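The values are calculated or read from the model by the stated rules, or taken from the named source; none is laboratory data. Since the model is a prediction, treat every value here as computed from it, not as a measurement. As a convention, Cβ positions derive from the backbone with ideal geometry for all residues, glycine included, and neighbour counts pool all protein chains shown.
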Amino acid sequence: MLQASYEEGGALAALSKDALTDNLLTFMFGGFDTTSIALTYALYLLAKNPEQWDRLRQEVDAVVEPGFQLSIKELKDLPYCTKVVKETLRLYPPAPLTARTTTSSFDLDGLPVEEDVHVLIPIWWVHRDKDVWPEPERFDPDRFDKEVPAGAWIPFSDGLWNCVGYRFAMAESTILLAGLVRSLTWRLPDDYILTPSCNYYYYYCCCCSRCCCRCKGTQRVPHRSFVVLCWLFYSCLL
C-alpha cells in the first residue's frame, strides 16, 4: 500500500497521508486483538479436547522439524490446523455480530425493509444454525471437510465488504497456533468454566438464549495479556 500510494497514476496515488495512516492502523490493530482472541479460544478448545490436541500436534510435528521456522509455505501442509482455526472462529467469533445499513428498500422473505435501516447480523447465532451445523456447540474441526453453504460461516463477514484482512488473519492464526502447539502443552483447571461476558455484543446476539443466564460469576479469558504471550512465542520459539 505504501509503494502503491507513491506510484504516479496508480490506484492509490490520490490517497492522502491521513487516509493511508488510517488504513495501516486498521490493518495493524484490526488484526491484533482479534487474532489474540481467536488463539485464546483455540487453545481453550484444544485443552478441553485432548484427542484433537494430539492430532494437531502430530500434524505439526510431521510438517515442522525441530528448530525449523514456520512460514506461509507450510500452510498447505497443515490442513487440520487450518480446520481447528476455522472451527474456533465458528464457535467463538472475535466479532460476534456485524452491522450494515441498507442502501435501498427490499423484501426479505416477506418482511419489507426500508432504505437507510441499520441491520445487525448475529454472527454468533448464524454459526449455531442446527440446519447447517449438527450439534453446533460441539468442537469438531472435521466439519470443514465438506463445503460450507454460502453465508453459513462468516467470522470475517461476507460479500464485497468482508474483512480486508481475512486471508492474512487466517494465515497468521494458523502459523501461530502451530507454533504454540509444537512448543507447549496446555491444561485447564478442573473447575474452569468459560462463558462469554454479557457485554452489549452478546446482549444482541444472545438475549433470547441461556448464554446470558450463564454470564454471572464466571471467569473470563485474558485476551489482551494473552496476545503478548502469543507474540513472544512466535518470535522466540519458532
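Values as computed for the structure displayed
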item: Filter pass, Leu108 being touching a Cys at 6+ places or on another chain (Cβ under 9 Å), more than 18 Å from Leu39 (Cα to Cα) and at pLDDT below 95; result: no
item: Flag if Leu78 is buried (at least 20 other Cβ atoms within 10 Å of the Cβ) and in contact with a Leu (Cβ under 7 Å, 6 or more places away or on another chain); result: no
item: Number of the condition not met by Met28 [criteria: (1) in a helix (DSSP H, G or I); (2) modelled with pLDDT under 80; (3) more than 29 Å from Leu194 (Cβ to Cβ)]; result: (3)
item: Number of the exception - Glu135 against (1) charged (D, E, K, R); (2) within 18 Å of the chain's Cα centre (by Cα); (3) modelled with pLDDT of 95 or more; result: (2)
item: Selection status of Asp129, over 23 Å from Ala95 (Cα atoms) and either assigned by TED's automatic domain parsing to the domain that holds Val85 or without any contact (Cβ under 8 Å) to a residue 40 or more places away in the chain (or both); result: no
